[in-house]
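Undergrad: First, the structure itself, so that you have it in front of you.
Here, each number is a calculation from the coordinates, and none is a lab measurement. Just so you know, these numbers come straight off a predicted model, no measurement behind them. As a convention, Cβ positions derive from the backbone with ideal geometry for all residues, glycine included, and neighbour counts pool all protein chains shown.
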Amino acid sequence: MYCPSCQSQNEKNAQFCKNCGTKLFYAQEQNPDSNVSSVILIVWIGIVFFVGIISAAIQSLVDEWYAVPTKYVMICLNIIANVSHILPALAIRNKTLKIIGIVLVSIIVIYWVYRQIEWALM
């Protein structure tokens, strides 16, 4: 293992650098739960990407996409995309920041969903 301060080679299990005495940090072994955040973010990116592609295709291929029944398909797609924005907040590992993120994202998601329902009733 190399020392991050002086780049000296140290023994594999050394706690301190033999050259400068810097405390050496080891990469923790990854357990299956440590990859959950990455999977959540990949799922979120996939949802947003595919909803965007489908919405763009509908808007370019259907002349009056804002008319019924295409309007309701677009509303459902937008609601799915909006609700999926809670996923990045769930991926945060720090408990306090996760709670703050979930609260803030929930407020904006509720507003977006309300706007979609309001548009559906027009």
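Undergrad: What net charge do the residues around Thr70 carry, taking every other residue with its C-beta under 14 Å from that of Thr70, with Lys and Arg at +1 and Asp and Glu at -1? Provide the component values of the computation, followed by the final result.
TA: Working: positive: Lys71; negative: Asp63, Glu64.
With Lys, Arg at +1 and Asp, Glu at -1, the net is -1.
Undergrad: What value, in deg cm²/dmol to 500, does the helix sum -39500 (n - 2.57) over DSSP H runs of n ≥ 4 give at 222 nm once divided by the residues of the chain? Present the calculation step by step, with values, prior to reporting the outcome.
TA: Working: 4 runs with 71 residues, N = 122.
Rounded to the nearest 500, it is -19500 deg cm²/dmol.
Undergrad: Place +1 on the Cβ of every Lys and Arg and -1 on the Cβ of every Asp and Glu in segment 6-122, take the dipole about the Cα centre, and give the residue among Asn10, Ile53, Ile86 whose Cα lies farthest towards its positive end.
TA: Asn10
Undergrad: If exposed means no more than 10 neighbouring beta carbons inside 10 Å and the site is in a DSSP loop, what's the longest run of the chain without any exposed trypsin sites (Lys or Arg not before Pro)? Could you put the intermediate results ahead of the total?
TA: Numbers: sites that count: Lys12, Arg93.
Longest stretch, sites excluded: 13-92.
Undergrad: Taking the chain as the reference, fit the longest principal axis to its C-alpha atoms, fit the long axis of helix 36-61 to the helix C-alpha atoms, and give the angle between the two in degrees, 0 to 90, nearest 10.
TA: Roughly 30 degrees, rounded to the nearest 10.
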